[in-house]
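Inspection log for the structure reproduced underneath, given as structure tokens.
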Amino acid sequence: QPRSLFAPVSSGRHHVLVAGGIGVTPLLSHAQAAVRWGRSFEFIY
């Protein structure tokens, strides 16, 4: 489970992960969760 103040929503069909200033590392757990749930996602870095 991602450990952050911005928990992913498992019911969302598509996730847009935006890394701005904090880097990409904190978003990796969100991407892994999307993969587990079978959801599509994209990174904007």
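The table below gives the values:
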quantity: Local electrostatic count at VAL9 - Lys and Arg +1, Asp and Glu -1, tallied over other residues with Cβ under 14 Å; calculated: +3
quantity: Inter-label distance, nm, simple model (7 Å from Cα along the C-beta direction), GLU42/SER29; calculated: 2.6
quantity: Sum of side-chain charges, ALA31 neighbourhood, beta-carbon under 12 Å (Lys, Arg +1; Asp, Glu -1); calculated: +1
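Where a number appears in this text, it was derived from the coordinates with a stated rule and is not lab data. What you see is a predicted model, and the numbers here were worked out from it, not measured in a lab. FYI the Cβ positions are ideal-geometry reconstructions off the backbone, even for glycines, and counts take in every protein chain you see.
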